[in-house]
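Undergrad: Mind looking over this structure? Questions follow.
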Amino acid sequence: MSIEMTLPLSDAVNPGQHRLTQIQVINWGTFHGRHTLYVDRSGTLLTGHPGVGKSTLFDGIGHIFHAAPRLNESAHEASTRKDRRTTYSYMRGRRFKTEAGTLYQRPGATWSALALVYEDGLGSSVCIGAIFDLPANGLEGQVGKHYVMGDRVLDTAALEDHGARRFTPSSLQKSLPGFEAFDVHRSFAEKFRRRLGIDNDKAFSLLRTLQNGKGLDKGVNQFFRYEVLEIPATMKAAAGAIEDFSHLRGIHRQLEEARAQRDALSDVPEQKLRIDELNGELATLNALVSTQLPAYGAQLATRALQGQTSSLTSAVETNAALIEESGVRKATLETKVASLAEQHEADGGAGVALLEREAESARKHLADREAVLQTLRDNFEAVGLTFTFTASGLQAMRRQAAVSAENLASIAKDARTMEYEAMASVMNLKDRAKKLRLQIDSYAKRGSNIDDRSIAARRAIAASTNLDIEDLPFAGELIDLSPSHGQWRPSAEKALRSLATTLLVRGEDIKSVTRAIDSLSGLGRIRWMDISRTPREVVSGPGDLVGKLDFKHSAAGTWLRAKIAADYPLACVESDTGLHVHDKAISLAGTIKTGSGTFERDTRPVAASDYLLGFTNAEKISELQTKLAALEEDTARAAAVADDRTAAKDQLAAKFALLGTLASDNRSFASLDASGALHTLQDLEARMAEALSKSGDLSHVRRALDAARKELEECVGTLAVARAEATTLSASLDRASNALRASSVREALTEDWAVEKLSASEQLAPLIKRLDEGSAVDTAELEAALNALALSLSESGAELKREAYTLEAALKDTFKAFAREFGNSAAASYGTGIEAAEHYVSLHQGIIEQGLPQHEEEFREYFSNRSYERFSDLLQLLEEERRSIAERISPLNQILADVPFEHGSKLALEVSTTVPDEARAFRQALKEALAGAYSSRGAGTLSESYKALETLVDALDDSSRAAWRDTVLDVRQHVTIACNEHKPNGEIETGLEPGTLSGGEGQRFTSFIMGAALAYQLGFATAGFTAYGTVMIDEAFIQANSEYAAAGINALQEFGFQLLLAAPEDKIDLSRHLGSVCDIIKHPESNVSGFVASGRSPAVATSIILR
C-alpha cells in the first residue's frame, strides 16, 4: 500500500500533509530586498550557477529550524573557507572586496527575514520565520534574533513600517496580527515542530542531515545506531542506579565508620581492666612497704636479738675464763725466761749474739750493692753496650749511651709513624668488613637483590598505604634466569636494570601509592607502574631474551612477562656480529641494539653483588660472603703487621728511654762498688768464729731460751686478744640488750596475708628458716635482707607504675585519635583523660551491641533489596533493550519492502548480535557482584560484593572512561545493523554500504535508507502517514547519473516526501521528476541574487534606520 492510500481524500498531493509552498527572503546575503520563491507541492528544483545563492538560501532556512545552524555545511570547501559565513555576514550582504576592505550591500542599520509557508492541502497553512535586526555600526554580538509563527504569509511590508526601533516580541506581535513572536528559539521550535508534526528529535536531526547531503558517511551501522535508534533505556537506568548507589555508599560509609570506631576502641576495655588490676596491685605493694614490712621486720628483729643476746652472754662468760687462765700461764713463762737468760749471760753468749747481728747486717748491705751493680750491667748489655766496671769505663759507657740515644730519637719517631699507618689500615679494613656484614645481614633478612634505599622506600609506601609488602613487588624480584641460560645473566642484568627496580602496583592501589610517594623524601629515585594496563600483545621469537627468563607464578609475574615481551623484544645472539641480523637484539657480551642504527654497551662488569634479578639473593649473599672472607684475611694480615710495628716501636721506645736513663745516671763509681762491703763481711765472720771457739757449747741453753720466749709471746698475744674480745663482747651485749628492748617496743601486729607474702620472699625465707632452726641471725644481716626486700617491692611498684602510665598514655592517645578521626562529641562529653576510660568502654560496648549491628542490618537490607533490584533491572534491561532493537528495525523493513530498490529488488535491514568483550566482562562482573548481595550471605561475602559493585559504579561514573561506559551500556553498540539487497531471482547481496558503491549508486542507496528512516521517525510505521512531508537537499544527486538520481527521487517520493532540491544547472533533468523548477541568477555588477520562476525578480533595496 503506497503512502497516498493512507492520507485523506483530496485533489491535492498528499492531502493532510504539511508541505512547503513558498519561501520569503528579505535582505539575506546576496538576496537584497524582498524575494519570494513558490514551491510546488510535488516538489521544486532550485538551480543556478555556482555561487548564485543556493546554499545561502538553505543557510537562511537553517536559521529557522535551528538556533545555531552550521552554515554552508554542504559546500565542499566549507571546512577550509577563509571567509567564514555568519548571521552577521549574511545580514550585511557582501558586494565585493577591494584593497581597502569588503564593501557590503547593507552597511548601516538593517534587518533581515526568512519565512517558510506550509499548507496541508486541506485549506490550513502555517508560516514560520526568523527575523534579525542590526543597528548602525553594529557588530557580530549585536545581532538581534526573533522568531514568528502564524497561519498566513508573512507581511513583509508591515515589517518595513515597523519603525526605527529594535524588534521585540511585543512589537512584532503588534506589527504582525495573527502571529506569535519569540525571542528564544527553544520555545519557538517546540511550537512549530508540534504544529508541523515533527515530534521526534531523531526525525528533526535526519531532516538536517538530509539537507546537507550527508548521513551515511560512517556506514549503515553507525547511521542506524545513532541517527535512527533512540538512546536506550539502559543509560537512564544506569544513571539512576549510580545515583541510588550513592545512598548505599553513604550507608556503607556509616557502617565502615562504626567498624572503624569499634576497631579504634577495641583495646580500651582490656587496657582499662589491666589498669584497674595494676592499681590494685600498687595498693597492695604500698601497704606492704609502708606498714606491713616494718611491722614484720620488727617481729623478726626481736627473734634475732633474743638469740643474739643469749649467744653473747655465753661468749662473755667463756672469754672471762680464758683471760684468767692465760694470766696464770703468762706469769709462769716470764719466770722461766728470766732464769734461762741469766744462765746464758753467765756463759758468755752476749758477745756472740752481737757479732751475729752485725754479720747479718753486713750480708744485707753486700747483697744490695751486688743487686744494683747487676742491674746496671743488665741495662748496658740490653742497649748493646759492653760493660766495663771501672771508674773510667763507667764514664765512657755513659757517654756512649748519650750518643746512642741521640741517634735513636729519629728512628723511634719513624717507628711511631709506621705504627699509626698500620693501625689506620686495620681500622679502615675493619670498617669495610663491618659495613659488608651489615649488608649481608640486610640481604639475608629480606631475601631480595634490590638495594637498601629502594627497599626502605617500599617499606615506607606500604606503611603509608596499609598494603602488604607482597602487594608491592619489584620487577627484579619476579624475574630469574632459567637454569639452562645462566650465562645470559650479566646481559639480562644490564638490559633490565631500570625495570628491575620498578614497583609493580595494582590498578586499584595506584592512586594511594602515588600519594604516598609524593610525601617521601631522601629515598632516591622511585619508579612505579600500573599493572592493570595490559601491555600490547606481541609474539616473541624463540631466541628472544624473554624466553631465557623465568617468572614468578602470580598476576604481576604474568603481566611482567608480557611487558618484557612487548618493550624488550631483544633477540639473543652469541657475538656482536649477530646484532646486524636483527632489528633489536642483545649479545652475550651485553651489547644492545635498540633500533636500526643505535647500539649501546655498558663495559663495566656485573658482579653477583650487583645483581638485581632473582627470586632469591643466595648468589649475591654468597659472593658478598666471599668478599667478606677475603676482607677478613686482609684485615688479619694488616693487624699482624700493625702488631709487629707496635712491638718494634715499643722496643725502640724502651731502648731509647733506657739509654737516656744510663746517660743521665750521675752516681759515682765508689757508690756502686761492692768490694768494700765484701771485706767488712769477711772480717765479721772471722771474729764471730773466734768468739765461738772461746765460749764453748751454749746451743742447748739458747734453744731452750728461744722456745720459752716464743711460748711467752704466744701467751701474751692470746691474753691481749681475749681482753680485747671481752671489751667487744661486752659492748655487743649492751647493744643487743638495748636493741631488744627497743624492738619489743616497736613490735606491732602483722596481717596474715602480709606474713604469707613476706615470709615467702627470697630475701627473708632463708633467715626465717635459720630462726626456726634456732640458728643465730645477725641483725645487720636481717636489716640488709629487709632493705633488699623493700627495694625489690619498690622496684616492682615502679614497674607497675610504668606499665600503668604506659597504658594510661595509650588510652589518652586513643581518645585523642578518636576525637580527631570521628569528631569531638565524645571528647566534649567525657574528655580525653584517663578518667573518661569508663565512658569509652561503655561507648565501645554500645557500638558492638547496638550501633554496629544496626548499621550492618541497614546496609544488608538496602544492598540486598534496593541496590540489588536497581542493578538487576539494569542487567535485565541490557538484554531486553538489545533484543528490542530488532523489533524497532522491523517497521523500517516493512517500509523498505513497499518500495523497489533496483529492477524489482528490495532492501532489508539485518540485525546481528555483536556484544563487545568489554560489555560481556561488565555483565559478568555485575552478575558476580550481585551474586553475593543476598541477605543470607556472610558479612565478608557481602563486603566483597559491595566492593566489586563499587568498583563498577566508580568506573561508570568516571568521566575519563566515558567511552567504556558507552560501550558497556549503550546496547546499540551490542548489535550490528547491515543492509542487504534481495533480488527477484532469490539472490541476496549482503552488506551494502555507500563506500562500496559508485557515487551515483551511493546517493541512490543513501536516499532509500535515509528516506525510510525519516518516514519511520515521522511516525509512518504507526500512523500510516506522515504529518510533515518536506525534505530539502542541497547539492542534490550531484554524483549520480540520471537513472540513479531518478531512482533516488522516486524513492523519497514513494516514502511520501515533497522535495526541494538545490543542484547545479547541469542537473536540470532532475526537474522532470518534480513539479516545478526555479532558477537563481545573480547580477555580476551589483552582486544581487533573485528568483526567475515567474519573470524578473522584483528585488528592491530596502534601507531602514534603527536606533
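Any read-out appearing in this document is the output of simple, stated calculations on the displayed coordinates, not a laboratory observation. The structure displayed is predicted, hence computed values, not measured ones. Reconstructed Cβ throughout: ideal geometry from the backbone, glycine too, with neighbour counts over all protein chains shown.
Undergrad: Enumerate the amide H contacts of Gly1029 below 5 Å, restricted to partners 5 or more residues apart or on another chain; note that Pro and chain-start residues carry no placed amide H.
TA: So Gly1029 has HN proximity to His18.
Undergrad: Hey, got the dipole for the chain? About the Cα centre, +1 on K and R Cβ, -1 on D and E Cβ, debye to the nearest 20?
TA: On the way: 124 positive and 152 negative charges, 940 e Å.
It comes to approximately 4520 debye.
Undergrad: Can you put Trp559, Trp488, Trp753, Trp964 in order of Cβ neighbours within 10 angstrom, beginning with the fewest?
TA: Working: Trp559 22, Trp488 19, Trp753 12, Trp964 16.
Listed from fewest to most nearby Cβ atoms, that is Trp753, Trp964, Trp488, Trp559.
Undergrad: Can you give the helix-only mean residue ellipticity at 222 nm for the chain, where every DSSP H stretch with n ≥ 4 adds -39500 (n - 2.57) and the sum goes over all residues, rounded to the nearest 500 deg cm²/dmol? Spell out each step's value before the answer.
TA: On the way: 34 runs with 614 residues, N = 1107.
That comes out to -19000 deg cm²/dmol.
Undergrad: Let me ask something else. Can you put Tyr38, Tyr568 in order of Cβ neighbours within 10 angstrom, beginning with the fewest?
TA: Listed from fewest to most nearby Cβ atoms, that is Tyr38, Tyr568.
Undergrad: Relative to the longest principal axis of the C-alpha atoms of the chain, give the angle of the C-alpha long axis of helix 185-196, reported between 0 and 90° and rounded to the nearest 10°.
TA: So the inclination is approximately 50 degrees.
Undergrad: Another question, then. Pairing the Cα long axis of helix 1042-1054 with the longest principal axis of the chain, what angle in degrees results, from 0 to 90 and rounded to the nearest 10?
TA: Tilt relative to the chain: about 90 degrees.
Undergrad: Among residues other than Ser759 whose Cβ falls under 15 Å from its Cβ, what is the net charge (Lys/Arg +1, Asp/Glu -1)? Walk me through the numbers before you get to the answer.
TA: On the way: positive: Arg303, Lys757, Lys769, Arg770; negative: Glu751, Asp752, Glu756, Glu762, Asp772, Glu773.
Taking every Cβ under 15 Å from that of Ser759, the sum is -2.
Undergrad: Which of Asp1034, Asp778 comes first, and how do the rest follow, when ranked by fewest Cβ neighbours within 10 Å?
TA: Working: Asp1034 25, Asp778 13.
Result, fewest neighbours first: Asp778, Asp1034.
Undergrad: What does the extension gain come out to for Lys983 and Glu600, with contour length at 0.36 nm per residue minus their alpha carbon separation? Present the calculation step by step, with values, prior to reporting the outcome.
TA: On the way: separation 383, 0.36 × 383 = 137.88 nm, distance 6.55 nm.
Here the answer is 131.3 nm.
Undergrad: Can you give me the C-alpha center-to-center distance between the range 866-899 and the range 478-553, rounded to a whole angstrom?
TA: 46 Å
Undergrad: Please list, in order along the range 762-778, the HN-Hα scalar couplings obtained from phi with the Karplus expression 6.51 cos²θ - 1.76 cosθ + 1.60 (θ = phi - 60°), rounded to whole Hz, x for Gly and Pro.
TA: Those phi angles translate into 5, 7, 9, 4, x, 5, 5, 4, 5, 5, 5, 7, x, 6, 6, 10, 5 Hz.
Undergrad: Using modelled backbone amide H atoms (1.01 Å from N, in-plane), which distant-in-sequence or interchain residues come within less than 5 Å of Cys572's amide H?
TA: Amide H to amide H, under 5 Å and 5 or more residues apart or across chains, Cys572 pairs with Asp544, Leu545, Ile586.
Undergrad: Which whole number in µm²/s is D for the chain by Stokes-Einstein, with the Kirkwood Rh taken over Cα pairs at 25 °C and 0.890 mPa s?
TA: Estimated via Stokes-Einstein, D reaches 54 µm²/s.
Undergrad: Net charge near Glu849: determine it from the other residues with C-beta under 15 Å of the C-beta of Glu849, scoring Lys and Arg +1 and Asp and Glu -1. Kindly include the intermediate steps, with their values, before the conclusion.
TA: Working: positive: Arg259, Arg262; negative: Glu856, Glu857.
Taking every Cβ under 15 Å from that of Glu849, the sum is 0.
Undergrad: Order the peptides 662-669, 360-367, 999-1006 from the highest to the lowest mean number of other Cβ atoms within 10 Å of their residues.
TA: Values: 662-669: 12.6, 360-367: 14.8, 999-1006: 22.2.
Listed from highest to lowest mean packing, they are 999-1006, 360-367, 662-669.
Undergrad: So, one more: Positive end of the dipole of the range 472-606, charges at C-beta (+1 Lys, Arg; -1 Asp, Glu), about the Cα centre: which of Ser540, Leu503, Ala555 has its Cα farthest in that direction?
TA: Farthest towards the positive end: Leu503.
Undergrad: Now for a different question. Glu508 label point, 7 Å along Cα→Cβ, cut-off 16 Å on backbone N: hits in the range 938-963?
TA: Those under the cut-off are 940-956.
Undergrad: As I understand it, the dipole of the chain uses +1 on the Cβ of Lys and Arg and -1 on the Cβ of Asp and Glu, about the Cα centre. Which of Phe669, Ser730, Leu719 lies farthest toward its positive end?
TA: Looking along the dipole axis, the top candidate is Phe669.
Undergrad: Grab the Cα-Cα distance for Gln374 and Glu918, subtract it from 0.36 nm times how many residues apart they are, and report the gain in nm with one decimal.
TA: Computed gain between Gln374 and Glu918 is 185.0 nm.
Undergrad: Here's a follow-up. For the chain, take the longest principal axis of its alpha carbons; what is the angle in degrees between that and the long axis of helix 779-822, to the nearest 10 within 0 to 90?
TA: 10 degrees
Undergrad: Taking 7 Å along the Cα-to-C-beta vector as the label spot, tell me the Arg253-Ala707 distance in nanometres, rounded to one decimal.
TA: In this crude label model, Arg253 to Ala707 measures out at 11.6 nm.
Undergrad: With θ set to phi - 60°, apply the Karplus curve 6.51 cos²θ - 1.76 cosθ + 1.60 along the range 164-181 and write out the HN-Hα couplings as whole Hz, x wherever there is a Gly or Pro.
TA: Along the range 164-181, the couplings run 7, 6, 6, 5, 9, x, 5, 5, 5, 5, 6, 6, 10, x, x, 10, 9, 10 Hz.
Undergrad: What are the ³J(HN,Hα) couplings of the range 664-674, residue after residue, when phi is run through the Karplus curve with 6.51, -1.76, 1.60 and θ = phi - 60°? Round to Hz, x for glycine and proline.
TA: Per-residue couplings from phi come out as 8, 6, 10, 5, 6, 5, 5, 5, 9, 6, 9 Hz.
Undergrad: Enumerate the amide H contacts of Tyr104 below 5 Å, restricted to partners 5 or more residues apart or on another chain; note that Pro and chain-start residues carry no placed amide H.
TA: It is Arg95, by chain and number.
Undergrad: Hey, another quick one. Might you report the magnitude of the Cβ-based charge dipole of the range 396-516 about its Cα centre, with Lys and Arg at +1 and Asp and Glu at -1, to the nearest 20 debye?
TA: Details: 20 positive and 16 negative charges, 102 e Å.
Here the range 396-516 has a charge dipole of around 500 debye.
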